[in-house]
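Right, one structure below, let's go through it.
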Amino acid sequence: ASSSLGAGSVVVVVDGSVTDWNSLLALANAGITTEAAYAAITNRIEIDNLIDYMMVHIVAESEDWPRHNWYVAHRRATNGVPGTKFICTVWDQELTLDRLVRRNRIDVGGSGGEVYSPARIYQQLRNWPEFRRQFGLSDWEEELIRIEPGFAPPSPTARLDAFFMTDTDELRFI
């Protein structure tokens, strides 16, 4: 089954319905301005998993994400078996670590199909102090990431440049 969410985005539901995910997005979209609002989110999604998921995409500068190519899952409460929190799973991310193009994957989750993805929950949580503490991103670290030094900054993949011949850009076999 699939459910269209607008803006050209379609969420494909393998089993169950998109209702639980939509209600989590609604909680996030309402804003996180109190401890109770933060707790309501953390009761529905594994925060450590969301942080790991986002760090992978931020560091890898994933191109083909977050508007699509993501999975979330949880077990619904049924037949006396308790439900679980949502977890996020990396999927179909072969377009990463591009040494020629920088992609800002810190400021995601605010437009188009991104607003239906885990990136939206991350975006809504980013200003909440406890989430920032858990994520481990201090204000000065975030600012440092954003600095445009006036020259081509090394990308997170600069360490891979040693594997390429500078004159031909071919893979170096040593």
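Figures for the structure shown
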{"read-out": "Nonlocal amide H pairs with I45, under 5 Å, H built at 1.01 Å", "value": "F86"}
{"read-out": "For segment 25-31, Karplus couplings with θ = phi - 60° (6.51, -1.76, 1.60), whole Hz, Gly/Pro x", "value": "4, 4, 4, 5, 5, 5, x"}
{"read-out": "Carbon + sulfur, % of accessible area of segment 23-95 - ligands and nucleic acids excluded, 1.4 Å", "value": "57 percent"}
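The values are calculated or read from the model by the stated rules, or taken from the named source; none is laboratory data. A quick note: this is a predicted structure, and the numbers were derived from the prediction, not measured. In case anyone asks, the SASA skips ligands and DNA or RNA and just uses the protein heavy atoms, side chains included. Shrake-Rupley method; radii C 1.70, N 1.55, O 1.52, S 1.80 Å.
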